[in-house]
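Engineer: To start, I am sharing the structure in question, which I have written as structure tokens.
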Amino acid sequence: MKGMVVRGATVVDSSGVRRADVAIDDREIVAVESSIDAAGGRRVVDASGCLVLPGLVDLHAHLRDPGNPECETVESASRAAARGGYTAVVAMPNTDPPIDSVEVVRYVQERATRAMTEVAVAGTITAGRKGERLAPMGEMFEAGVRLFTDDGAGVQDALLMRRAMEYAGGLGAIIAEHCEEARLAYRGHMHEGRWSSFLGIPGIPAEAEEVMAARDIALSRLTGCRLHLLHISTTGTLDLVRKAFKAGLPVTGEVAPHHLSLSDAEVASYDPQFKVNPPLRPAEDVRSLVNALVSGEVVVATDHAPHPADSKELPFDQAPPGMLGLETALGVVWTVLTSGSGLSTGLDDMPVLSFEEAAAVVVEAMSVVPARIAGLEGAQGGTVRAGSAANLCVFDPAATWVVDRNRLASLSANTPYDGRKLTGRVRHTIFRGEPVVVDGEPLR
Ligand code: DOR
């Protein structure tokens, strides 16, 4: 059998929107035309009523491999990613052991050869993620690493961060910071504000994030190093990013779907499924983040963080922070953008986008720009046209579905969206010219 035709969809990419069929041979798109027949025995993939987008690219996924195979593996995470419409993910290095050496980089790369998406490996900034001395970034760069981060914690020592940025800048790599000033965040478990006072749970102030974001933007100015701010959650951090843009600094930022859709009011349930770091913030911040997404100032990254079921059954202050994200990201973002409201009460008054407008935001913020930041452009995040790599997400913008934590491809179940209704569902995912998800189900 030779190739396939994705038929009946509306193609959306950076060049615009058009009704077209897409023919794929081997790993490449060979034609995008208003009507393509299946001559030559091409397989037909039905995409009527769907949008064909470039495959999504996630800059921030915790694959838990090596170290926690009961939570997730490279393979299971890539299955979850494919189901979410992703064709590439960046594997975060806070594994056990951390990805702080060429040996561990190679281990993850080897596992990635069997994955259902491309997996780009991130390395740590500091040895053992201990924040004391630099990891061998040059050697890891040689092995293919393009993004360095101690995510899970921020690099606390400003001088060490300066050296990391000088070094990474020289390599042409990117430093991705988990902005959290540890002393300010010490022993906090949720956003510090009205709800934390009411619930009696110690809080983490917005300033714990903003102080470090300001420091690292200043260090980007000092060193010239590219800086990517992970999981931005506050209005204040967005203001800092805007100032950095104005000054022409090489700074980018991402926002997680949970920060675009849920507020700290969810913590009133004391349910640790709503515990995440940085924490869910008040409605005003959620609104600022959605506006920043709509105006193209930030990209979306999942911060997919699997945790074992028993750990999320502990009391709120003892449970680990983190939420699954890969399988729900596009549905959550689509629901927010097209309904004008988040998924927590009181999150209305947000911009309501048409399908075309929302699709344009998704293409830029979930595929094109993340691919560029991760250094994956070429194979990922391109335009859907003859000659491009065949990495595609076929998305049904009108399908509604209810998230069921027991029916996820991830090995973990810690989604905050269990039982919530979302609009917009990934129908098929095509990776390197092969359908890996068909009608919502992974093929392996
Ligand atoms: O909530 C979080 N969980 N935030 C992080 O930065 C790390 C992540 C994890 O690895 O579980």
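Rule-based calculations on the coordinates, nothing more; no lab input. Just so we're clear, the structure is a prediction, and the values are computed from it rather than from any experiment. In this analysis, Cβ positions are derived from the backbone assuming ideal geometry, glycine residues included, and neighbour counts consider all displayed protein chains.
Engineer: Once label points are set 7 Å from the Cα along Cα→Cβ at both R221 and R43, what is their separation, rounded to one decimal in nm?
Structural biologist: My value for the distance between the label points is 5.4 nm.
Engineer: Can you compute the charge dipole magnitude of the chain about its Cα centre, using +1 on each Lys and Arg Cβ and -1 on each Asp and Glu Cβ, nothing else charged? Give it in debye, rounded to the nearest 20. Write down the numbers at each step before the final one.
Structural biologist: Numbers: 42 positive and 58 negative charges, 118 e Å.
Here the chain has a charge dipole of around 560 debye.
Engineer: Using all alpha carbons of segment 288-415, what is the percent of pairwise distances in each 10 Å bin, ordered from the shortest bin to the longest?
Structural biologist: Histogram of Cα-Cα distances, whole percents per bin: 11, 34, 36, 17, 2, 0.
Engineer: Same structure, new question: P(r) for segment 101-207, please, calculated from all Cα pair distances in 5 Å bins and given in %.
Structural biologist: 2, 12, 19, 17, 14, 11, 10, 8, 5, 2, 0
Engineer: Per q in 0.18, 0.20, 0.21, 0.23 Å⁻¹, report the Debye log10 I(q)/I(0) for segment 227-339, using one uniform scatterer on each alpha carbon and no solvent.
Structural biologist: Rounded to two decimals, the profile gives -0.90, -1.06, -1.14, -1.29.
Engineer: Debye sum, Cα scatterers, segment 182-280, no solvent: what log₁₀ I/I(0) at q = 0.19, 0.24 1/Å?
Structural biologist: -0.89, -1.21
Engineer: Taking amide H positions as placed 1.01 Å from N in the peptide plane, with prolines and chain starts having none, which residues 5 or more places from E28, or on another chain, fall under 5 Å of its amide H?
Structural biologist: A390
Engineer: Suppose the chain between F245 and L314 were pulled fully straight at 0.36 nm per residue; how much longer would it get relative to their current alpha carbon spacing? Walk me through the intermediate numbers first.
Structural biologist: Details: separation 69, 0.36 × 69 = 24.84 nm, distance 4.18 nm.
That works out to 20.7 nm of additional length.
Engineer: Using only the alpha-carbon atoms of segment 89-162, report the extent along each of the three principal axes, biggest first, to the nearest angstrom.
Structural biologist: 39, 22, 18
Engineer: With the radius of gyration and the Kirkwood radius both derived from the Cα set of segment 258-307, what is their ratio Rg to Rh?
Structural biologist: 0.99
Engineer: Moving to a separate point now. What nm distance separates the two modelled labels at S14 and E103, each placed 7 Å from Cα along Cα→Cβ?
Structural biologist: Output for this residue pair reads 4.0 nm.
Engineer: About the Cα centre of segment 221-332, what is the dipole size in debye to 20, counting +1 per Lys and Arg Cβ and -1 per Asp and Glu Cβ, all else neutral?
Structural biologist: 680 debye
Engineer: Right, here's the next one. Past the 13 angstrom mark, what percentage of all C-alpha to C-alpha distances in segment 335-384 do you count? Provide the component values of the computation, followed by the final result.
Structural biologist: Details: 754 of 1225 pairs.
The answer is 62 percent, as a whole percent.
Engineer: Still on this structure, please answer the following. Set Lys and Arg Cβ to +1 and Asp and Glu Cβ to -1, take the dipole of the chain about its Cα centre, and tell me which of S35, C393, G85 lies farthest positive.
Structural biologist: S35
Engineer: Report P(r) for the chain: all Cα-Cα distances, bin width 10 Å, range 0 to the bin holding the largest distance, values in whole percent.
Structural biologist: Per 10 Å bin, starting at 0, the Cα pair percentages come out as 5, 23, 33, 27, 10, 2, 0.
Engineer: With unit charges on the beta carbon (Lys/Arg positive, Asp/Glu negative), name the residue among T234, S101, A208 whose Cα is farthest towards the positive pole of the charge dipole of segment 101-251.
Structural biologist: After comparing all options, I get T234.
Engineer: I need the peptides 67-74, 11-18 ranked by packing, meaning the mean over residues of other C-beta atoms within 10 angstrom, with the highest value on top.
Structural biologist: Result, highest mean first: 67-74, 11-18.
Engineer: I'd like the distance separating the alpha-carbon centroids of segment 298-332 and segment 415-444, in whole Å.
Structural biologist: Measuring centre to centre over Cα atoms gives 18 Å.
Engineer: Turning to a different aspect of this structure: Find how much the distance from W401 to Y270 grows on full extension, using 0.36 nm per residue of separation minus their present alpha carbon separation; answer in nm with one decimal.
Structural biologist: 44.6 nm
Engineer: Let me ask another. For segment 45-95, what is the charge dipole size about the Cα centre, in debye to the nearest 20, if Lys and Arg each add +1 at the Cβ and Asp and Glu each add -1 at the Cβ?
Structural biologist: With only Lys, Arg, Asp and Glu charged at Cβ, the dipole is about 80 debye.
Engineer: Along the positive direction of the dipole of segment 150-191 (beta-carbon charges: Lys, Arg +1; Asp, Glu -1; about the Cα centre), which of G152, A173, Y186 reaches farthest?
Structural biologist: Y186
Engineer: Counting just the Cα atoms, what span does segment 1-151 cover along each of its three principal axes? Round to the nearest Å and put the largest first.
Structural biologist: 59, 30, 26
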